[in-house]
Every structure is written in C-alpha cells, then in structure tokens.
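**Q** Input: one structure, supplied below.
The values are calculated or read from the model by the stated rules, or taken from the named source; none is laboratory data. Just so it is clear, the model here is predicted, and its values are computed rather than measured. Cβ coordinates were reconstructed from backbone atoms using ideal geometry, including for glycine residues, and neighbour counts include every protein chain displayed. Heavy atoms of the whole protein, side chains included, go into the accessibility calculation; ligands, DNA and RNA do not. Shrake-Rupley method; radii C 1.70, N 1.55, O 1.52, S 1.80 Å.
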Amino acid sequence: MAETTTGRRERKKALTRQALADAALRLFTERGYDNVGVREVAEAADVSLSTLFKHFPGKEALVFDLDADIESALVAAVRDRTPGRSVLHALRDHMVNTRTVVPTDDPTFTLVESTPALRDYARRMWSRHEKALAAALADATGLTPDAPAVTGLARFTLEAPGLARASEDPARTMRDLFALLEHGWATTPLAREEERPGRDG
C-alpha cells in the first residue's frame, strides 16, 4: 500500500512539474521571457507560487526542466559503457548523438537563443555538470576527481558542443575534436605542415 501511495505521489509531482514547464514555455513564447512573471506561470498551471518554487529554484529553471536528465545521461555514458570501451570513446559517441543536432524548429531552443538571460543561464547550467562528470570519470579510472586528466576531460567534454554546433558539420567537428584529444596535435595536418623542412620555428 505504501509503495502504491508513493507511486501516485511521484506521478502527481511529475505531472505538476510538467504542467509548470509547459505553461512557462507557452507564456514565454507568446509574450516574451522578460514580460512574464513566475506568479503568472503558477496561475496558468493552476498551482500556488510556493508549489512552483518547490519544483523550480527560479524563473530561468522553468525553461530547463530536463537539466537533471541531461546530467544523469552524461554520467551514465561513462558508468554504463560497454566493458572494454574507453571513457573517451563513450563520451565522444554520447556527445555526437545528443549535442550536435541544432533543433531550429524547437520552441525552447528558439526562446533560449533569442533571450540573453537564458543563454547565460544555459551556459552556467551546462558547466555545473562538470563536477558530476568528473566524479564519474574518477570512479571509472581510479584517479582522484581533481586529477588534471579527469578535470581536463570533463571540461573538454562540456565545452566541445559549443565549438561543434557553430560549425557546418557539428557531428564531424565533434569527432575531430575528440580525435585531437586522443591522438594529439602532432597528428593534425597543420602540425605536419609546420614540421616540413624550411619552415620557420
């Protein structure tokens, strides 16, 4: 009986959270992010303001309701990778599959890209995942969470999408960036050009 009650409670919480996120996106899209207050979002979802803040810490968070899922997926890419597969390759494939598509027809994407406050929040949110990813990498490698190899790979993984999505072929750019990390600068065409006889330096 307790499990059934708990299950109903969790489903109700999930439905309330989704209703708030849906109401926020609709209002922000219709009227502009800066022209809508959190109280209006709560009223549109038919909940109290205090209930809204139980689910979302602030106005910006209403737009990023999948933040926890994104972090969990990052950690799972390392933790649940196929035995024998390197963490580098696991993260490369995860990022290619999840962070290289630019959803120009997605209203959330359009809203974020057109709102400076949301763009800044998105960057801060993405960077916050670094600590969780570093912990997963430390567990997988036996290194400490503050080891340069761990913090460096975590930071690189989270910064790479920004470079990849600005290119004409984000998926290829993502693979090239991870290849550079794996094999080093010396394997790039530019490095080989620099090493040709007669080059200065």
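**Q** Conditions first: (1) free of Cβ contacts under 8 Å to residues at least 12 places away in the same chain; (2) closer than 22 Å to residue 81 by Cα. Residue 113 passes all but one, so which condition is the exception?
**A** All conditions are met except number (2).
**Q** Restricting to region 152-174, name every residue that is more than 20 Å from residue 70 (Cα to Cα) and either touching a residue at least 40 places away in the same chain (Cβ under 8 Å) or among the polar types (S, T, N, Q) (or both).
**A** 167, 173
**Q** Additional query: Only one of 39, 17 is outside any loop (DSSP other than H, G, I, E, B), surrounded by 15 or more Cβ atoms within 10 Å (Cβ to Cβ) and of a type in the set (Lys, Arg). Can you tell me which?
**A** It is 17.
**Q** Any chance you could count how many residues in region 135-176 are outside any helix (DSSP H, G or I), more than 17 Å from the chain's Cα centre (by Cα) and not β-branched (Val, Ile, Thr)?
**A** Adding up the residues that qualify gives 8.
**Q** Additional query: Are any residues in region 70-129 at pLDDT below 90, open to solvent by 50 Å² or more (accessible area, probe 1.4 Å) and assigned to a loop (DSSP other than H, G, I, E, B), and if so, which ones?
**A** 101, 102, 104, 105, 106, 114
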